[in-house]
Amino acid sequence: GRVACRVCCSRGHMAYRFQDPLKLVWCLLASTHPVYSTASGQKSLPKLCKSCLAEPLEQAYFGGTFGGEPRRVKDLSHIDFDQAARSGQVLVIENASDGTAMAGWSCERLAQEFPQARMRREYDWVKNPEDRNTHKLGNTAWIAMTEEGEDQKERLKQDKQAPPFAPFYWGVREHRNGDLGSRKVVERIRELIKDSVPAFMDRKNAESLFENAEFWLGAKGTGARAHMDSHCISTLSVVLSGERRWRIGPVPRMPRGAGRSKEEEVVFDDGIAYKLGWKPMFEFTVREGEAVLFPPGWIHETYNVADGCTVALTTQFDTPMPVRYYRSFYQRIRRVGDLHPCWRSMVSWASLGELDKHLPKDAAAAHSRAAELYRSRNATLSPKQLDFYDLDADGVVSEAEFVSVFTDWIATERAVKKERVVPMPRPDMRLDEEIAGDGPGSRRNSRSSTEL
């Protein structure tokens, strides 16, 4: 029992509260979940090269119901949330706003409390090409407004389930631009968001929750179209009032020969996912007081489905970083330009900060370098470096773990750099098991990528 539970606790802090059945179930799940398990026979996707880092099958890694809900949890503990976030899990979290300063706030309440604050309507590129915040929250006509955004008819032709109307966006994260509201407005919303750190989250995240905060607002039928953000930290989106339908899916597979993005090239901008025939991994509803947690790079779409106006606070948090997730899906993340801001950190964790050093030229040199680094640096690994190398999540990196991950990482970096730099890579948008197998001999289907 205690061995099984060790893997769901961080760096030696073990949870033995077996009287709580939810924690026991989590521990038992974690001990066999592919995030924490290195058992042979685990289904994986075809590698970028024979010695490259393996990628797990998405459905096995993230769990949940394909085409339905991700895993749904209630009364999440600090330990459970920490482990889920470090591994880049996708969760629906019940009671997420309980005890927070803005729980239950409606569109009307926001307009009443911040009448002079300014926001904008999304997808308004013709009338507002510079995305200026021109709508005052106190002018409440927006609460019932349903207007199409630019290119809306085309988006609905590409995907009939896309949201038909444009939402309103109060981008608190843009407060330094000066057109969000007065200093008094900014300071008040700062304090409210800092008092809205969920009970399951480390309070050290208060500042990052404010600095990344966005309020998505709108009547029934409004919503954000499918897109990928360039955030390198995980997202938490809380419905303060109303309901939102989410459709969401992982960074698309990037098979060998699909190419790689130029640095800072945006791939999954508005409409691209629909054009490529995107099929979300999960489709579900988040109700008032609930939240959805997801890692960087996930393509996502929202649709307000409640009668009346829905308020959602969407933001990102610094602690913990989803380092295990980055290792698990390393090669696809390293090839999609939307996530270019994350590449330097990924290489830094793997190289132990030696960004400017030349990569070992072959497998033997990589093995030798790994053994040398382990002897000299293992005792001083940072928490993020430890998460990158700690395959079984027991808080300790063995020499076998370090050498295995390091040599596979070197091979992956070399394989990524051999991919042709193109404006638009050719991702594989499928999420089925058709090309998955059991280990390095996994077979590959000829329909491997999508042409634009």
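Just one of the listed residues (Val336, Val421) is of a type outside the set (Gly, Ala, Ser) and farther than 30 Å from Asp80 by Cβ, and it is Val421. Only residues that are open to solvent by less than 20 Å² (accessible area, probe 1.4 Å) and either part of a helix (DSSP H, G or I) or in contact with an Asp or Glu (Cβ under 6 Å, 6 or more places away or on another chain) (or both) were counted in segment 156-165, giving 0. In the set (1) open to solvent by 10 Å² or more (accessible area, probe 1.4 Å); (2) assigned to a loop (DSSP other than H, G, I, E, B); (3) of a type outside the set (Phe, Trp, Tyr), Gln89 fails one condition alone, (1). Residues that are surrounded by fewer than 13 Cβ atoms within 10 Å (Cβ to Cβ), in contact with a helix residue (DSSP H, G or I) (Cβ under 9 Å, 6 or more places away or on another chain) and either of a type in the set (A, V, I, L, M) or part of a helix (DSSP H, G or I) (or both) within segment 332-362 comprise just one, Leu355. For Ala111, state whether it is in a helix (DSSP H, G or I) and surrounded by 13 or more Cβ atoms within 10 Å (Cβ to Cβ). Answer is yes for this residue.
Restricting the first member to segment 140-158 and to residues that are without any contact (Cβ under 8 Å) to a residue 40 or more places away in the chain, and the second to residues that are open to solvent by 60 Å² or more (accessible area, probe 1.4 Å) and part of a helix (DSSP H, G or I), the beta-carbon pairs closer than 8 Å and six or more apart or on different chains are Thr140/Glu108. Among the residues in segment 37-57, are any under 16 Å from Asp392 (Cα atoms), open to solvent by less than 50 Å² (accessible area, probe 1.4 Å) and modelled with pLDDT under 50? Yes: one or more hits.
Reported count of residues in segment 363-385, each being without any contact (Cβ under 8 Å) to a residue 60 or more places away in the chain, touching a helix residue (DSSP H, G or I) at 6+ places or on another chain (Cβ under 9 Å) and of a type in the set (A, V, I, L, M, F, W, C), is 6. Residues considered: Glu211, Glu243. Of these, the only one that is closer than 26 Å to Phe66 by Cα, in contact (Cβ under 8 Å) with a residue 12 or more places away in the chain, open to solvent by 40 Å² or more (accessible area, probe 1.4 Å) and not hydroxyl-bearing (Ser, Thr, Tyr) is Glu243.
The values are calculated or read from the model by the stated rules, or taken from the named source; none is laboratory data. This one's a predicted model, so the numbers in the text were calculated from it and none came from an experiment. Glycine gets a Cβ as well: all are built from the backbone with ideal geometry, and neighbour counts include every protein chain shown. Note: accessible area is taken over every heavy atom of the protein model, side chains too, but ligands, DNA and RNA are not part of it. Shrake-Rupley method; radii C 1.70, N 1.55, O 1.52, S 1.80 Å.
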